[in-house]
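See structure below.
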């Protein structure tokens, strides 16, 4: 991938870009092999590759420069670096960034200066649905001072950019490099961006988590479904379910069997999105709840037949691993964005669970990060 900013030494976000992609993938697979070495019974499957460029369906752009000449990208020290032409983004992003810069000029949105603690506009967050091609745009502001101006000029932006589906303002008053704040003000009639992966509708809210690489995410969900289909059992739990991507893929099998799904996620808006998707699919034995995953698992009176977990980078941790061991589900599917914490959690679970399958999904090319999917079976489970 040819990147001018990387070659000039101005952007190091893709810190593995100098390494040929096939070698990047081999190195990630080698590291995973070493991490999984203690689990001798596991089958380590070939890594699932990504496209090398144009794969990111989300952009997080620091806004710097001036009102007259805004820069969207990153700060290298105190030097603005424009990433509007970054090859990680699909071709449709570059003309959108041009429009956003024009909007910043028109609305008079002063870029925030962290050192001086001055200005209003901190970040631009952009997402695109690969199913519809439509966009969600979020302005992260220091205060409401520019809100009226954004509202005033939004009609102009929508006229220039008919694919804009959702637009919102996030308020982050803290004088730190914190991404976003808790308050979100939606400015459009539509509050959700509809995505669809493998025929499963997923509704994204401005603050909901979703993978940055939709094509690899679709492969990840499809693989989890394939692994789950032959497993017996009716009750399925999806902890850290987000907007329901994993659970909604696994709830129905190719044989027409339907599992009873319970999805748990701390964010109420994500739960509302997942519930909407389930209703659209006509699923009746599905319940999504806005609860803490660890507290739910520890308080549960029933045990799932299949437990699916997709925790943040910190992993499950010892407390939730103990709760899983107490629940004793027959099967466990664990998706991790951090192979190191995954290995630690698997070691905690290994006394009661046998690791059957491991597969790397290269969600983050040109970096050292990877998504890993695993399948575990309770050791006393008779197949």
Problem - Test for residue 194: is it at pLDDT 95 or above and either over 22 Å from residue 378 (Cβ atoms) or touching a strand residue (DSSP E or B) at 6+ places or on another chain (Cβ under 6 Å) (or both) - result: yes
Problem - Given (1) touching a residue at least 40 places away in the same chain (Cβ under 8 Å); (2) touching a helix residue (DSSP H, G or I) at 6+ places or on another chain (Cβ under 8 Å), index of the condition residue 276 fails - result: (2)
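Matching residues to (1) surrounded by 15 or more Cβ atoms within 10 Å (Cβ to Cβ); (2) part of a strand (DSSP E or B):
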| residue | (1), (2) |
| --- | --- |
| 313 | no, no |
| 318 | no, no |
| 345 | yes, no |
| 348 | yes, no |
| 356 | yes, yes |
| 363 | yes, no |
| 367 | yes, no |
Exercise for the section: Could you pull out the residue among 243, 251, 258 that is at pLDDT below 95 and buried (at least 24 other Cβ atoms within 10 Å of the Cβ)? Expected result: 251
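Results for (1) assigned to a strand (DSSP E or B); (2) touching a helix residue (DSSP H, G or I) at 6+ places or on another chain (Cβ under 6 Å), shown as yes or no for each residue.
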{"site": "212", "(1), (2)": "no, no"}
{"site": "215", "(1), (2)": "no, no"}
{"site": "220", "(1), (2)": "no, no"}
{"site": "223", "(1), (2)": "no, no"}
{"site": "227", "(1), (2)": "no, no"}
{"site": "230", "(1), (2)": "no, no"}
{"site": "237", "(1), (2)": "yes, no"}
{"site": "247", "(1), (2)": "no, no"}
{"site": "261", "(1), (2)": "yes, yes"}
Exercise for the section: Quick one: residue 90 ticks every box in (1) in a helix (DSSP H, G or I); (2) touching a strand residue (DSSP E or B) at 6+ places or on another chain (Cβ under 9 Å); (3) modelled with pLDDT of 95 or more except a single one, so which number is it? Expected result: (1)
Exercise for the section: Mind counting the residues in the range 75-86 that are in contact with a helix residue (DSSP H, G or I) (Cβ under 9 Å, 6 or more places away or on another chain) and surrounded by 15 or more Cβ atoms within 10 Å (Cβ to Cβ)? Expected result: 5
Practice task
Would you mind finding the one in 306, 281 that is more than 17 Å from the chain's Cα centre (by Cα) and closer than 16 Å to residue 331 by Cα?
Solution key: 306
Fill in the blank from the handout: Residue count, the range 131-178, condition buried (at least 17 other Cβ atoms within 10 Å of the Cβ) and under 23 Å from the mean Cα position of the chain (by Cα), comes to 17
Practice task
Scan the range 273-311 residue by residue and report those that are touching a strand residue (DSSP E or B) at 6+ places or on another chain (Cβ under 8 Å), surrounded by 15 or more Cβ atoms within 10 Å (Cβ to Cβ) and part of a helix (DSSP H, G or I).
Solution key: 273, 274, 275, 276, 277, 278, 293, 296, 297
Practice task
Considering every residue within the range 94-108, establish whether at least one is assigned by TED's automatic domain parsing to the domain that holds residue 179, part of a loop (DSSP other than H, G, I, E, B) and surrounded by fewer than 20 Cβ atoms within 10 Å (Cβ to Cβ).
Solution key: yes
Practice task
Report yes if some residue within the range 189-205 is under 18 Å from the mean Cα position of the chain (by Cα), crowded, with 21+ Cβ neighbours inside 10 Å, touching a residue at least 24 places away in the same chain (Cβ under 8 Å) and in a loop (DSSP other than H, G, I, E, B); otherwise report no.
Solution key: yes
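Quick check on my filter: what residues within the range 14-46 are under 23 Å from residue 350 (Cβ atoms) and either surrounded by 16 or more Cβ atoms within 10 Å (Cβ to Cβ) or modelled with pLDDT under 95 (or both)?
Answer for the range 14-46, where residues must be under 23 Å from residue 350 (Cβ atoms) and either surrounded by 16 or more Cβ atoms within 10 Å (Cβ to Cβ) or modelled with pLDDT under 95 (or both): 28, 29, 32, 35, 36, 39, 40, 41, 42, 44.
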Completion exercise
Residue hits (the range 146-188; in contact with a helix residue (DSSP H, G or I) (Cβ under 8 Å, 6 or more places away or on another chain) and outside any loop (DSSP other than H, G, I, E, B)) are 149, 150, 152, 153, 156, 157, 160, 164, 167, 169, 185
Fill in the blank from the handout: Of the residues in the range 126-140, those that are part of a strand (DSSP E or B) and farther than 19 Å from residue 160 by Cβ come to 140
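The values are calculated or read from the model by the stated rules, or taken from the named source; none is laboratory data. Fair warning: this is a prediction, and the values are worked out from it, not measured in the lab. Cβ atoms come from the backbone with ideal geometry, glycine included; neighbour counts cover every protein chain shown.
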